[in-house]
Amino acid sequence: MFLNDSYDNMEYAANMSLWENVSSIATSLTDVTSNNSTFEDPERSGFMKFSAVYEKAHGYISVTVCIFGVISNILNIFVLTRKHMISPTNYILTALAIFDMFTMTTYIPYATYLYIFASPSQSSYHPYAWVLFIVIHNNFIITCHTIALWLTVSLAVFRYIFVCHHTQAPTLCNLARSKLTVLITVGINILFCIPNYAQYVVSEMPPDGDHTSYWISQRDLPPIFFTITYWLFGVLMKVAPCTFLTILSAILIHAMHKAEKRKARLHSQGSRATQESSSTESNRTTKMLIAVVLSVVITELPQGILALISGINQDFFSNVYVPLGDVMDILVLINSAINFILYCIMSQAFRKTFRTHIFNVCVNNVRNRTNKNGVTYSSIQTEVTQV
């Protein structure tokens, strides 16, 4: 069911792992759209027509998003690792920023080559070095994105314990436990991604002119291998974490609602101002983390559902899943880049630290360099102590 011996349709089994197998998706899409006559076919899927139009802009859009995402995640890492910002939650957020940054780093040269300077088609000329890079990129981005997804699950679990079992939080959610959680998450996901590394090889295409072209092909492996890979990546590594995140988000939202009622009751009593302030800050942090989690769910869950349906229906895969490959790519890239904006909007401590350690320093440096009178102004940096 998951393996087709025809080379033209080898993408069906290959793409059941994750959206990140973008080279195979591009090949399948191009095979369908490369003939100009099919563009006028009235029976052609609307998804195919949309994909053919969006593909021309995908390279420029994705590179722009990735450049912003890499810079913003570097800023996230810098801010979250300041001494006064170190905490169990921020440690996981730092690890998340690192792997989000890795996810976008290799996508920049990949999209620049394949979508701007070349074409995502096996019929186009591709040198061996670039095709090898695409294979390495696919494996690397699968691993990084999967780690980032499960780090988000870990983040939600930590916050659930902190909010719903706060008496056990100092023991279960301390800094040592967060470091161990990150280490285990990275190790297990690398181990689970190993089967995906064995799927693809660089193959020489039939001679066409004076140049030898290369593209990606599947290894000759037993059909059971692809069945296992599909359920491992398409379901366990995609749908399962999104389901966990949805349930934990609902629990956290319910807990916040109860906390707001308790806050209103305390306010009516006109007492416990310190506890009320602490509860307000905790709710702000919880809201921010829920926003981070829900952005992942909104991006990932539809893809997991589409992959699940595609494993059952090959026509659905060819007519819906494959044409939406580039769109799914850009949604995940946007999700990997958006956390900096969420932190700035929803976290007072993050804003203050960013302003003190980055923004003010940059502004002062610019002022000193552009001072026409040659007078140097100095500023005293103060440490922000809010957590």
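Quick test of your reading of the structure: Phe226 fulfils all but one of (1) open to solvent by less than 20 Å² (accessible area, probe 1.4 Å); (2) within 19 Å of the chain's Cα centre (by Cα). Name the failing condition by number.
Exception for Phe226: condition (2).
Assess whether Ile290 counts as being modelled with pLDDT of 75 or more and over 28 Å from Leu132 (Cα atoms).
Spelling it out, Ile290 is indeed modelled with pLDDT of 75 or more and over 28 Å from Leu132 (Cα atoms).
Taking segment 206-260, which residues are under 15 Å from Thr286 (Cβ atoms) and at pLDDT below 75?
Selection gives Ala259, Glu260.
Hey, can you tell me all the residues within segment 66-91 that are in contact (Cβ under 8 Å) with a residue 24 or more places away in the chain and outside any helix (DSSP H, G or I)?
Arg82, Ile86, Ser87
How many of the residues making up segment 307-346 are over 13 Å from the mean Cα position of the chain (by Cα), surrounded by fewer than 19 Cβ atoms within 10 Å (Cβ to Cβ) and part of a helix (DSSP H, G or I)?
Summing the residues that are over 13 Å from the mean Cα position of the chain (by Cα), surrounded by fewer than 19 Cβ atoms within 10 Å (Cβ to Cβ) and part of a helix (DSSP H, G or I) in segment 307-346 gives 13.
Of (1) open to solvent by 30 Å² or more (accessible area, probe 1.4 Å); (2) part of a helix (DSSP H, G or I), Asp220 satisfies all except one. Which?
(2)
Table: residues versus (1) more than 30 Å from Ser217 (Cβ to Cβ); (2) not polar (S, T, N, Q).
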| residue | (1), (2) |
| --- | --- |
| Thr112 | no, no |
| Ser121 | no, no |
| Ile136 | no, yes |
| Thr152 | yes, no |
| Val182 | yes, yes |
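The values are calculated or read from the model by the stated rules, or taken from the named source; none is laboratory data. For clarity, every value in this text was computed on a predicted model and none was experimentally measured. Neighbour counts run over all protein chains shown; Cβ positions are idealised from the backbone, glycine included. These accessible areas exclude ligands, DNA and RNA; they are computed on the full protein's heavy atoms, side chains included. Shrake-Rupley method; radii C 1.70, N 1.55, O 1.52, S 1.80 Å.
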